[in-house]
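K.L.:
Have a look at this one before I ask anything.
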Amino acid sequence: MVVTGRLAAAAVLAALFVTLVLPSWLGVGVATLALAALIAVDLAALGSPGALELSREPITTVRTGRSIEVELAVLNTGTRTARGTLWDDWPPSAHARHRTHALNLPPNTRIRVHTELTPDYHGDRVAGPVTLRLLGPLGVAGRQVRREVPARLRALPPFRSERLLASKVRQLQQLEGRNTTTIRGQGTEFDSFREYVAGDDVRTIDWRATARAHDVLVRTWRPERNRHVVMVLDTGRVSAGRVGSAGTGGGAGTRLDASIEAALLLGGLAAAGGDSVDLLAYDRRVRTEVRGIGGKRLQVKLMHALAGLTPELVDTDYQGLLRATLQRARRRSLVVWFTHLDAATVQEGLLPVLPVLAERHRVLVVSVTDPEVAAAANRRSGLDDLYAAAAAENVIAEHAVARETLRRRGVRVIAAAPDRLPEALADEYLELKQTGAL
C-alpha cells in the first residue's frame, strides 16, 4: 500500500481539528477514524493492478546515437477505472526520456504509452520492471506493484561510414564493367569475344570462334568475381585500447569500435561486388560469426552480429584463431585480419601463424592508429611535451617496424586513424579487385 501527499494534508487538518476544536482523546479517536475511513474508501474503490495486462515488442533495434520510441500497451480487463502512474524502467545507458506516464483507464480500454530511448553505445539493453502505482478516487492511498514485461533494445553500430558506401559501389561497378561503359581487360574470368586488332596478344585468339566467323576473334577477360572474403576481428585485450578523443572526427572509442566500422563498410562493398563474406570474432573462443550470407541481407546480418560485441580482457589465442579461420576458409580467400600492430602482438602472435595463413590465402592486416599519439609527437612547447613526444615517436617507430616486417612476409597492411580506416580499407579492396589480385 502507498499513501500520497493528500493523506498528509488530511492528517494536518485532523491535527488542527484535535488541537482547536476537540482537544481530547475523543478528538484523537475521531480524527484517526476519519483518516482510516479515507484510506478504506480509496482502497475499496481502487482498480485491481492484476487486471492490467502489459505487452510490448520483445526486441527493438536502433542505430547507436539515435533516438527511438518503445511502445508499451496497457489493457484494463477489470470492472473499475484504473487511475495512477506508470514508470517504464530501462538501464541508465539507454538514456530513457518521458518514461513516466499518467493512467486513467476505464474498463476494457487499451492505451499505448511511449518511452524515448537514446543508447550511446552499441549492444543489447534489457528492459527493467514496469512500476504501477494505482490510486483510489480520493487520491489519498493506493497500491504499487512491479511487473516484468520482457523486452530488449538492440543498439546497432553507428556505421558513420555508410555515406561512403554508394560512391565505393559505383567505383566497383566501373571496375567490373557493370556501368554504361563496359570495361574489359586482363583477368582470369572469360568475358566476351571481339575482333582482333593490331597489338593484341596472339595467344588470346580463339581459333574455334574464328573458324565460325568471318574475322579473327580474340577472347577478353576480366578479374574474377564472386570471391570469398573472411573478416577476422581480434577481440582480445589489444582491442580494448582507447583511440581518438571527443574532438576527433570519429569520436573516442576502442580499437574494436573502429574495426567494426571498417568491417561494415568492407562487408557492404564486397557483397555489392558479388563476393561471399564471412565474419569471425575471436579471442580465446568464437564470440560471434556470420557465415553463408550474401547480397542485401549481409549488411543487416553483420550489424546484428556485431551489435553486442565488446572487447574481452584476455590474451588472444592466435593458434586457435588460425584454426578457426582455416576451418571457415576452405578455398583460397581474402583474409582481412583486424588487430593491433604493437611489437609484442606481431612477434608473439602474428608472425608464428601468418606464414601458414599466407600460404593458403591472401592476407590483409588492418590496424587502427591513435591520432592522439601522432598529435603528441608534434607538440614540443614544453618539457612535459618533449617527454610525451619522445614516447609517441617511439610508438610510431615501433608500428612502422611492425608494418615493414609484415610486408616483407608478403602480407599487405592497412593502418589509419579511426575516421580514415574504413575508407582506406575500401580503397585497398578496390585496388585488389582492379589488379586482379583477389
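The values are calculated or read from the model by the stated rules, or taken from the named source; none is laboratory data. Fair warning: this is a prediction, and the values are worked out from it, not measured in the lab. Cβ placement follows ideal geometry from the backbone for every residue including glycine, while neighbour counts extend to all protein chains displayed. Just the protein is used for accessible areas: all its heavy atoms, side chains included, with ligands, DNA and RNA removed. Shrake-Rupley method; radii C 1.70, N 1.55, O 1.52, S 1.80 Å.
K.L.:
State, to one decimal in nm, how far the label point of Asn108 lies from the label point of Leu326, with both points 7 Å from Cα in the Cβ direction.
P.N.:
7.1
K.L.:
Quote the FRET efficiency, to the nearest 0.05, computed for Leu54 versus Arg297 with a Förster distance R0 of 41 Å and r equal to the Cβ-Cβ distance.
P.N.:
With R0 = 41 Å, the Cβ-Cβ based efficiency is 0.80.
K.L.:
In the chain, with Lys and Arg counted as +1 and Asp and Glu as -1 at Cβ, which of these residues, Val3, Leu425, Gln347, has the Cα nearest the positive end of the dipole, that is, farthest along it?
P.N.:
Val3
K.L.:
Roll a 1.4 angstrom probe over the protein heavy atoms and tell me the percent of accessible area of the chain that is carbon or sulfur.
P.N.:
That fraction is 53 percent.
K.L.:
Assuming 0.36 nm per residue, please report the length gained on full extension of the stretch Glu195 to Leu351 beyond their Cα-Cα distance.
P.N.:
51.2 nm
K.L.:
Next question. So which trypsin sites (Lys or Arg not before Pro) in region 327-411 are both in a DSSP loop and have at most 10 other Cβ atoms within 10 Å of their Cβ?
P.N.:
Values: sites: Arg328, Arg330, Arg331, Arg332, Arg360, Arg362, Arg379, Arg380, Arg403, Arg407, Arg408, Arg409; in loops: Arg330, Arg331, Arg332, Arg379, Arg380, Arg409.
Those satisfying the criteria are Arg330, Arg331.
K.L.:
Quick check: net charge around Arg242, other residues with Cβ under 11 Å of its Cβ, Lys/Arg +1 and Asp/Glu -1?
P.N.:
That sum, taken over residues with Cβ under 11 Å, equals -2.
K.L.:
Now, a different point. If you take every residue apart from Thr61 with its C-beta less than 12 Å away from the C-beta of Thr61, what net charge results, scoring Lys and Arg +1 and Asp and Glu -1?
P.N.:
That works out to +3.
K.L.:
At a Förster distance of 30 Å, what's the computed FRET efficiency of Ser381 paired with Arg242, Cβ-Cβ distance as r, to 0.05? Intermediate results must be reported in sequence, preceding the final value.
P.N.:
Details: r = 24 Å, r/R0 = 0.81.
My answer for the efficiency is 0.80.
K.L.:
Still on this structure: What ranking, highest mean first, results for peptides 303-310, 254-261 when packing means the other Cβ atoms within 10 Å averaged over each residue?
P.N.:
The most tightly packed comes first, giving 254-261, 303-310.
K.L.:
Here are a few candidate values for Cα extents along the principal axes in Å: [x] 121, 70, 39; [y] 76, 62, 37; [z] 107, 53, 42. Which one was actually calculated from the structure I just gave you?
P.N.:
Computed from these coordinates, Cα extents along the principal axes in Å corresponds to label [x].
K.L.:
How far apart, in nm, are the 7 Å Cα→Cβ label points at Leu26 and Arg66?
P.N.:
Distance between label points: 7.3 nm.
K.L.:
Does anyone have the angle between helix 255-272 and the longest principal axis of the chain? Alpha-carbon axes, 0 to 90°, nearest 10?
P.N.:
The angle comes out near 60 degrees.
K.L.:
Of Pro92, Leu72, Ala102, which is farthest towards the positive pole of region 67-123's charge dipole, taken about the Cα centre with +1 and -1 on the beta-carbons of Lys, Arg and Asp, Glu respectively?
P.N.:
Value computed over the given set: Ala102.
K.L.:
What is region 242-342 by shape, rounded, prolate or oblate, if you read a ≥ b ≥ c off the alpha carbon gyration tensor as root eigenvalues and call it rounded for a/c under 1.5, prolate for a/b larger than b/c, and oblate otherwise? List each step's numbers first, then the result.
P.N.:
Values: a/c = 1.92, a/b = 1.18, b/c = 1.63.
Because a/c hits 1.5 or more and a/b fails to exceed b/c, region 242-342 counts as oblate.
K.L.:
In addition: Relative to the present Cα-Cα distance, how much length would full extension add between Leu13 and Ala45 at 0.36 nm per residue of separation? Please list the in-between numbers first.
P.N.:
Working: separation 32, 0.36 × 32 = 11.52 nm, distance 2.33 nm.
Residue separation times 0.36 nm, minus the Cα-Cα distance, leaves 9.2 nm.
K.L.:
Next question, about the same structure. Can you show me the helix-derived [θ] at 222 nm for the chain, built from DSSP H runs with n ≥ 4 at -39,500 (n - 2.57) apiece and divided by the number of residues, rounded to the nearest 500. List each step's numbers first, then the result.
P.N.:
Details: 11 runs with 148 residues, N = 438.
Calculated at 222 nm, the ellipticity per residue is -11000 deg cm²/dmol.
K.L.:
Just the number please: accessible area per residue for the chain, 1.4 Å probe, all protein chains included, in Å². Present the calculation step by step, with values, prior to reporting the outcome.
P.N.:
Numbers: 22290 Å² over 438 residues.
Accessible area per residue: 51 Å².
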